[in-house]
Amino acid sequence: MFLKTSLSSIKGVGPKKYALLNKMNLYTVEDFVEMYPRRYIDRRHIVSLSEIKADMSCTVRAFVIDIQVSSRYGKKEYLKIKTSDGSFFIDVVFFNAKYVSGLFKINKEYLFYGKVTYGPGGFTMTHPDFCSAEHPSVLFEKVQPVYPLTEGMSQKDMLKISTQIFENITFEETLPESILEEHKLMDRDKSIKEIHFPDSREAYRVSKYRLIFEEFLTLQLGLLMLKSDIKNKRGHSYRMTPENKEALDLMIKGLPYEMTGAQQRVLSEIYSDMINEKVMNRLIQGDVGSGKTLLAMLAIYLAALNGYQSALMVPTEILAEQHYESFVETFKAIDISIGLLTRSTSKSQVKDRLKDGTIDVIIGTHALIQDDVEFYNLGLVITDEQHRFGVNQRTVLSKKGESPDVLVMTATPIPRTLSLILYGDIDISKVDEMPKNRIPIKTSRVPSYKINRMYDYIRDEVDKGRQCYIVYPLVEESDVLDLKAVTTMYETLSKQVFKGYKTGIIHGKLKSGEKDAVMKAFEKNDVQILFATTVIEVGINVPNASIIVIEHAERFGLAQLHQLRGRVGRGQYQSYCFLVSDSNSELTQERLGIMCHSNDGFEIADKDLEIRGPGEVFGLKQHGLPEFKIADLIKNKSILEEAQETAKVFIHSDEFVNAIRNNSLLIQSIQKMFSQFSI
């Protein structure tokens, strides 16, 4: 049987059943094979009737001693079969199933599997699976896989299909003998058959390990091939001449603060990439305030000293303007021309100066990737808050130059496990040290009965000249969710609790121009208290803001709470984050406790991944990555790391070269995985 064979060719799969399988995204034999069981039922272990207990699911072996057909409430007939194994008794009941009585004979022995209940009449099994003890069916001889279903399909239907498939198929090996031996892996044919119909717990464990390892290895090899392809592209080899080094050192010495050890380490990695003739493709991870922008400036300066233009793309207009002002101030004594390109700026002149090369550095939003934006000689592309841009947007900007170096920055710490997957094609640097003068944000949980005291504190801080964000999960009230909404609370609190203070509101339903106007007013302190949704999560830098209140904090993930908290603590003042929640669940206590005791984004990201899982923390699909068929990023972290190390060695071996040359099954697996996802 071939893997590409349509499931419609399987005996018993007519048009109706095939349509139901299609609803489950099952079209071919291969699709079915790769839909691994979610659990198993083992009917092989027989329990004595003297050992049964209420609510136990088990197999019993018993003789039929009486068969009774009765009516239930004068309507539906039901069948009661009294059985015994000589040690005890149990009733087997079938409702509205008189026809079943003809399948049983008195004094004959049967196997029954089902859930045991206990009532006034003693122990009962209702609608169990059954067969003759003399001639056991396959249900009682093999472990039965339990598959996902759709309405209209039963487990018996799925089992019939599965049994037919695995009786007539042999799976070719995809992995080379060297890897099978090194990691003591089960062969592919046996592992796939064992995962569907395991003979024992040990066989199941070994087969599952093999399939998880192969899935991770396939992904890692594909990512390394991508990375190799990028790395082998000839880029710009920036010269670090004595004159250039002196200019860079002079800029660093002129800084009003000392660079941290982490900044110095990462800057060295960036310069090493830029000096190399291969294209740089590096991700800079670091908490808010860790100094990523300075690293971008120093990279841009080296590009400018070598005569190349740089582009910095950020997610919001206000952040672009803030970066522009910061760059102008930093480079005021240096002969570098800086431009700004957003929806609101006058575009024609800026675009002309970009094209003729009189602008060295352009800072902007998505406006940078418009078709009519042309560069004279773009050598360096930097994106800030990278996860806010799609892969395609980053690619479009890069294509505006001849193989420019690429630097991506994010203040959203990504757990190491996840970064192995999300950024396997990118070199990663971590700015994991905060400047010495950085004042840690004080975070505390506030139950609703203390909320008025919190409001008093906010008024005191605002009276001192500080500013405050109050964040809500909803824009408008919902009939479904019992949560506070920003529009309702703004109307109430601005007229009562914060009457006399300058308040504003921002949320996703406002037009871009309206949002920008509100944020500019907040930046200038024309708005003292800003009511908001999570639109303020990134792209906002207001050093005077010292308080953020997050209502219904239990509704947000840890990584998002940390991002929101990063809106304050950007200036010289002690800052505070208040997490408002009345939830008493253990999970909420644990999550909010982590926030109150840690300001370390990397530690928080690891905990978030552990608690919520990768799908919720960092949607894999939006990054063009596959949802694994059997592997789990959290539970199988050690296998992921093992597969990655194996991939790093194997990709440089002669075996891998031969695999590519012969288009082996392994290479076909890689191509299949990567053809479905836009990594």
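The values are calculated or read from the model by the stated rules, or taken from the named source; none is laboratory data. Just so you know, these numbers come straight off a predicted model, no measurement behind them. Positions of Cβ are generated from backbone atoms using ideal geometry, with glycine treated the same way; all protein chains shown enter the neighbour counts.
Return a yes/no flag: does the range 543-558 have any residue that is part of a helix (DSSP H, G or I) and not aliphatic (A, V, I, L, M).
Our first condition is that a residue be part of a helix (DSSP H, G or I); within the range 543-558, this holds for 553-555, 558.
From the residues that got through so far, the ones that are not aliphatic (A, V, I, L, M) too are 554-555.
Checked against the condition, which is being part of a helix (DSSP H, G or I) and not aliphatic (A, V, I, L, M), the range 543-558 yields at least one hit.
Applying the selection to the range 633-645, what residues are part of a helix (DSSP H, G or I), closer than 15 Å to E215 by Cβ and either of a type outside the set (S, T, N, Q) or in contact with a helix residue (DSSP H, G or I) (Cβ under 6 Å, 6 or more places away or on another chain) (or both)?
K637, I639, L640, E641, E642, A643, Q644
From the list F94, F130, F104, exactly one residue is closer than 23 Å to T163 by Cβ and surrounded by 15 or more Cβ atoms within 10 Å (Cβ to Cβ). Which is it?
F130
Quick one: in the range 29-47, of everything that is in contact with a Ser or Thr (Cβ under 6 Å, 6 or more places away or on another chain) and outside any helix (DSSP H, G or I), which residue is nearest to F130 (Cα to Cα)?
Taking the range 29-47 and keeping what is in contact with a Ser or Thr (Cβ under 6 Å, 6 or more places away or on another chain), we get 29, 43, 46.
Filter once more, so that each one left must be outside any helix (DSSP H, G or I): 43, 46.
Working: R43: 10, I46: 13 Å.
Selected residue: R43.
Could you identify the single residue in T83, T59 that is more than 30 Å from H196 (Cα to Cα) and either among the polar types (S, T, N, Q) or not in a loop (DSSP other than H, G, I, E, B) (or both)?
Of T83, T59, the one residue that is more than 30 Å from H196 (Cα to Cα) and either among the polar types (S, T, N, Q) or not in a loop (DSSP other than H, G, I, E, B) (or both) is T83.
Quick test of your reading of the structure: E51 fulfils all but one of (1) under 30 Å from F112 (Cβ atoms); (2) without any contact (Cβ under 8 Å) to a residue 12 or more places away in the chain; (3) assigned by TED's automatic domain parsing to the domain that holds M158. Name the failing condition by number.
All conditions pass for E51, except number (3).
Only residues in the range 1-19 that are within 13 Å of F32 (Cα to Cα) count as the first member; pair them with residues that are small (G, A, S), Cβ under 7 angstrom, at least 6 apart or cross-chain, and list the lot.
Going by the 7 Å Cβ cut-off, the qualifying pairs are Y18/S8.
Test R39 against the criterion of being over 16 Å from D157 (Cα atoms) and surrounded by 15 or more Cβ atoms within 10 Å (Cβ to Cβ), and give yes or no. Before the answer, list the steps.
Values: over 16 Å from D157 (Cα atoms): yes; surrounded by 15 or more Cβ atoms within 10 Å (Cβ to Cβ): no.
It is false that R39 is over 16 Å from D157 (Cα atoms) and surrounded by 15 or more Cβ atoms within 10 Å (Cβ to Cβ).
When only residues in the range 90-109 that are part of a loop (DSSP other than H, G, I, E, B) and charged (D, E, K, R) count, which is nearest to R43 (Cα to Cα)?
K108
Between L139, L149, which is out of contact with any Phe, Trp or Tyr (no Cβ under 8 Å at 6 or more places or on another chain), surrounded by 11 or more Cβ atoms within 10 Å (Cβ to Cβ) and under 27 Å from Y40 (Cβ atoms)? Reasoning before the result, please.
Details: L139 fails: out of contact with any Phe, Trp or Tyr (no Cβ under 8 Å at 6 or more places or on another chain).
The unique qualifying residue is L149.
Conditions: (1) surrounded by 18 or more Cβ atoms within 10 Å (Cβ to Cβ); (2) more than 22 Å from V475 (Cβ to Cβ). Q572 meets all but one. Number of the miss?
Evaluating Q572 over (1) surrounded by 18 or more Cβ atoms within 10 Å (Cβ to Cβ); (2) more than 22 Å from V475 (Cβ to Cβ) leaves (1) as the failure.
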